[in-house]
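The values are calculated or read from the model by the stated rules, or taken from the named source; none is laboratory data. These figures come from a predicted structure and were not determined experimentally. Note: ideal-geometry Cβ built from the backbone for every residue, glycine included; neighbour counts use all protein chains shown. SASA here: full protein model, heavy atoms, side chains in, ligands and nucleic acids out. Shrake-Rupley method; radii C 1.70, N 1.55, O 1.52, S 1.80 Å.
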Amino acid sequence: MRVTNECYLHEMIFSELADVVGPGNISVSESDKIAYSCDYYWIPEMWIDRGCKNPTPDFVVHPTTTEEVSCICKIANNHKIPLTTWGGGSGSQGGALPMYGGILLDTKKLNRIIEIDKTSLSVTVETGIIMQHLEWALQKQGYSTMHIPASIGCATLGGFLAHSGTGVLSTKYGKIEDMVMSMEVVLPDGTVINTLPVPRHASGPDLNQLFIGSEGTLGVITKTTMKIHPIPEERRFHAFVFKNMHAAMEAGRGIMTSRLRPAVMRLYDEAETRRRIKSVLGIDKEGSYLVFGFDGDKDLVDLEMEKALKICRSQEHEDLGTEPGESWWEHRYDFFFPNHMFRLPQAFGTLDTVATFANIENVYWAMKNVVEENFPMARYIGHFSHWYEWGCMLYARFIIDHPPQDPHEAAMLYNRIWDMCLRAAMENGGTLNEHHGIGLKLGRLMKELHGPAFDVMEKFKKTLDPNNIMNPGKMGFESF
């Protein structure tokens, strides 16, 4: 049900929400509604830029406790109105956009660090905390989550949990789902549950993994206990330029299949090496740029680095040495900010996917061919930024410098590129996404990706959220 402010029911629901969070923690102002109508998804950004109106929430609430979140869920469920959870608003998939109005639940006042357990090396924290604030607090005591993505300064911990986020150091320390020990979750009917205190057990399915990556469609994650790590004694980097992307991929694959444990590894294709590595790092080379780093005890770093260098030198290469690698680490976030990041009036999309080593290059070429053969107005670049023992993630992008000015024409072109590229990726062993999530942007392709297994996800959704109030219309689930 959509609640308009012309109806007195609007005032009734406002009063109920204000009674829970206090009058100072609820807003119905037009400026606040507009602020929560756009994240970093290109279409709503473009829509506003072209003078169009985005869907807005009816109420914006700022709870400060889990109990308040529970009451808000009960109100939404009782009135059968949508409830959308908002963290930092830095998502790129439209996952937190209030497409059907209702209640927008901003989590950022749930930002308390509850305990740093120095015996078990864990931290218990509320999920509305900005990730950088958590890192600063931990680093003062000599620790880190090692989850340090480019959005660390503006994204919340809950946002990373909601879409299975990845940080720069994921190759060694894992994605966010590998870091979680336990969670507190508020279900759509307001019930508060806690998962088991440890993630490794034989006591039934791991409920953490049911809610991580569910993008607010099954409940609101309000608290988590995460693993933390001592700040490493040493962190050292090295860079190479290889003749082509395949040679660089073979070097990277060799490092991973040798079971070395780089903290980070990035491989840039020839186009991104030519444009972005030159622009950000000032390295003007032809070929494919590879950078990696190891951290930990100095003696272990020495040993792993020596073995990795030997693997890389078995391919046709130019050894750039340590300094260009250190420069990459120092400027690692510059790639995502002005004046190096793409922005309006350009149209751009990050086609991130993941596949095995046997398939990942085929996925790269399949998407590249789609863009270059069907969309002459676009260009394609890519790098491989999160690595596993069995494969890696491709962070590909398409960029259009001069997209159509008509918003409907621009949206149709944008969606067509996404559809064709991701279908090509799936046909070659890739998935829809690796760490940005599905959200509104890619939901229409979820049934194609999962097949009959998507029915299982829908049954989870309908069981936990029979009134379909939680973030409706996302991840391919039913609209409101």
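Observations, loosely collected:
Here is a yes/no grid of residues against (1) in a helix (DSSP H, G or I); (2) touching a helix residue (DSSP H, G or I) at 6+ places or on another chain (Cβ under 8 Å); (3) open to solvent by less than 20 Å² (accessible area, probe 1.4 Å); (4) among the small types (Gly, Ala, Ser):
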{"site": "ARG261", "(1), (2), (3), (4)": "no, yes, no, no"}
{"site": "LEU267", "(1), (2), (3), (4)": "no, yes, yes, no"}
{"site": "GLU272", "(1), (2), (3), (4)": "yes, no, yes, no"}
{"site": "SER279", "(1), (2), (3), (4)": "yes, no, no, yes"}
{"site": "GLU326", "(1), (2), (3), (4)": "yes, no, no, no"}
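- Scan of region 120-175 for residues that are under 17 Å from ILE231 (Cα atoms) and of a type in the set (Gly, Ala, Ser), ordered by number: SER120, SER122, ALA137, GLY142, SER144, GLY167, SER170, GLY174
- Looking only at region 212-248, residues that are within 15 Å of ARG313 (Cα to Cα), open to solvent by less than 10 Å² (accessible area, probe 1.4 Å), in a strand (DSSP E or B) and out of contact with any Pro (no Cβ under 6 Å at 6 or more places or on another chain) come to 3 in all.
- Residues of region 1-46 that are closer than 30 Å to ALA150 by Cβ and loosely packed, with under 13 Cβ neighbours inside 10 Å: SER31 alone.
- Selection count where residues are in a loop (DSSP other than H, G, I, E, B), among the charged types (D, E, K, R) and within 25 Å of THR65 (Cα to Cα), scope region 1-46: 1
Yes or no, residue by residue, for (1) over 30 Å from GLY293 (Cα atoms); (2) assigned to a loop (DSSP other than H, G, I, E, B); (3) open to solvent by 10 Å² or more (accessible area, probe 1.4 Å):
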position	(1), (2), (3)
VAL370	yes, no, yes
ILE381	no, no, no
TYR395	no, no, yes
PHE398	no, no, no
PRO403	yes, yes, yes
GLU409	yes, no, yes
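- Residue pairs meeting the criteria (Cβ under 6 Å; at least 6 apart or on separate chains; first within 14 Å of ASP19 (Cβ to Cβ) and at pLDDT 95 or above, in region 69-80; second open to solvent by 40 Å² or more (accessible area, probe 1.4 Å) and of a type in the set (Asp, Glu)): ILE75/GLU16
- Taken over region 334-359, the criterion of being under 27 Å from LEU281 (Cα atoms) and either touching a Leu at 6+ places or on another chain (Cβ under 6 Å) or open to solvent by 30 Å² or more (accessible area, probe 1.4 Å) (or both) is satisfied by ASP334, PHE336, PHE337, PRO338, ASN339, HIS340, ARG343, LEU344, PRO345, GLN346, THR353.
- Residues within region 281-322 that are without any contact (Cβ under 8 Å) to a residue 12 or more places away in the chain and part of a helix (DSSP H, G or I), tallied: 6
- Qualifying residues in region 129-146 (those that are assigned to a loop (DSSP other than H, G, I, E, B) and without any contact (Cβ under 8 Å) to a residue 60 or more places away in the chain) - the one surrounded by the most Cβ atoms within 10 Å (Cβ to Cβ): ILE129
- A search for C-beta distances below 6 Å between a residue of region 348-377 that is touching a residue at least 24 places away in the same chain (Cβ under 8 Å) and any residue that is open to solvent by 50 Å² or more (accessible area, probe 1.4 Å) and of a type in the set (Phe, Trp, Tyr), counting only pairs 6+ apart in sequence or on different chains, returns THR356/TRP390.
- Residue list for region 425-442, filter: assigned to a helix (DSSP H, G or I) and open to solvent by 10 Å² or more (accessible area, probe 1.4 Å): MET426, GLU427
- Selection of region 152-210 for residues being assigned to a loop (DSSP other than H, G, I, E, B), open to solvent by less than 40 Å² (accessible area, probe 1.4 Å), closer than 15 Å to ILE221 by Cβ and of a type outside the set (Gly, Ala, Ser) yields LEU187, PRO188, THR195, PRO199.
- Only residues that are within 20 Å of LEU207 (Cβ to Cβ) and surrounded by fewer than 21 Cβ atoms within 10 Å (Cβ to Cβ) were counted across region 462-479, and they come to 4.
- Of note, SER122 satisfies the criterion of being more than 21 Å from PRO472 (Cβ to Cβ) and either open to solvent by 30 Å² or more (accessible area, probe 1.4 Å) or of a type in the set (Ser, Thr, Tyr) (or both).
- Among the residues of region 47-63, the ones that are open to solvent by 40 Å² or more (accessible area, probe 1.4 Å) and either β-branched (Val, Ile, Thr) or assigned to a strand (DSSP E or B) (or both) come to 1 in all.
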